[in-house]
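Enquirer: Just dropping this structure here.
The values are calculated or read from the model by the stated rules, or taken from the named source; none is laboratory data. Values in this document were obtained by computation on a predicted structure and should not be read as measured data. With ideal geometry, Cβ positions are generated from the backbone for all residues, glycine too; neighbour counts draw on all protein chains shown.
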Amino acid sequence: METPALNALLCPHCGLEFTAPQPDAHSLACAGAHTFDVARQGYLNLLTGHGTKFVPDTAAMVAARDAFLEAGHYQPLADALADRVGSLLAAAEGNALIVDAGTGTGWYLQQVLAALGGRTVAAVGLDISKFALRRAARRNPQALNVVWDLWRELPLGAGTADVVLVVFAPRNAAEFARILKPGGSLVIVTPLPGHLAEIAQEAGMLGIQDGKEEALAASLAGDFTAEGSAELHVPLELGAADVGNVALMGPAGHHLDEVALGERLAALPATTRATAAFRISVFRPLPRP
């Protein structure tokens, strides 16, 4: 496991640091002798006690997301995100650390790390779904991929991260502010009103309400100050399988009626034009008392 990322990790039981594992070790131990197994796929599960009350994405939902992203539909978003993170890290000193909160299959993190060129940057990917992290660990073996509930206290030390990424994932403002360095950045990707509106009904998507940017800023106001944002509109040409993946990879995938979805997809033309609309927002943590 990557040492710089491991140095930022804290035991969820006692809050102590982890000791460096032996090569090819199948477990990780903290200074307080609490031990956690490393899955054979390469990810680490730190969830303890009651685990989580939230329902993780299923294997089918994760596979749909991976297929959609691998098809390149959101590549312009990944490129814009990588460019923004690269510029934010340009002034970072020493060993920089990216925390991808809600890493999913690790696709966006992979794009960001690849765009950094020869610079070595440590990375931690957090997600609640072990099915997603199996893919993330294969995609980003150099990162520390950890099963964790983002609404709990994060298993990372204070002031350890240079950038926290949140791409369509929960936003635990207080914890993000705690783990960021004083000059660090929180980068959040959210959908804009009208995002994929052309296929919203077929994909069972909920509409994006106006005022989301203001609501986002308000939810972070006690811990962050807004530094800027940029909008991105991406024209898409989607086949029926792509629309099906959109339906399955989002929150609707948890309660999808596959028969009804199949009927909607069968009625689609060979190609459906749609527009993906995103906002990339950057925030800086407020000074800690």
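Enquirer: Tally up the residues in the range 195-207 that are closer than 18 Å to residue 167 by Cα and in contact with a strand residue (DSSP E or B) (Cβ under 9 Å, 6 or more places away or on another chain), please.
Expert: Looking only at that region, the number is 2.
Enquirer: Quick check on residue 143: is it among the small types (Gly, Ala, Ser), modelled with pLDDT of 95 or more and surrounded by 17 or more Cβ atoms within 10 Å (Cβ to Cβ)?
Expert: no
Enquirer: To continue, here is another question. Of the conditions (1) among the acidic types (Asp, Glu); (2) over 26 Å from residue 187 (Cβ atoms); (3) modelled with pLDDT under 95, residue 237 satisfies every one except a single condition; which number is it?
Expert: So the condition that residue 237 fails would be (3).
Enquirer: Among the helices (runs of 4 or more DSSP H) lying completely within the range 47-133, list those that include at least 1 residues that are under 17 Å from the mean Cα position of the chain (by Cα), more than 22 Å from residue 5 (Cβ to Cβ) and among the acidic types (Asp, Glu).
Expert: 59-70, 75-89
Enquirer: Right, another one. Just the residues that are surrounded by 16 or more Cβ atoms within 10 Å (Cβ to Cβ) and farther than 25 Å from residue 212 by Cα, please, taken from the range 246-267.
Expert: If the condition is that a residue be surrounded by 16 or more Cβ atoms within 10 Å (Cβ to Cβ) and farther than 25 Å from residue 212 by Cα, then 256, 261, 264, 265 are the ones that fit.
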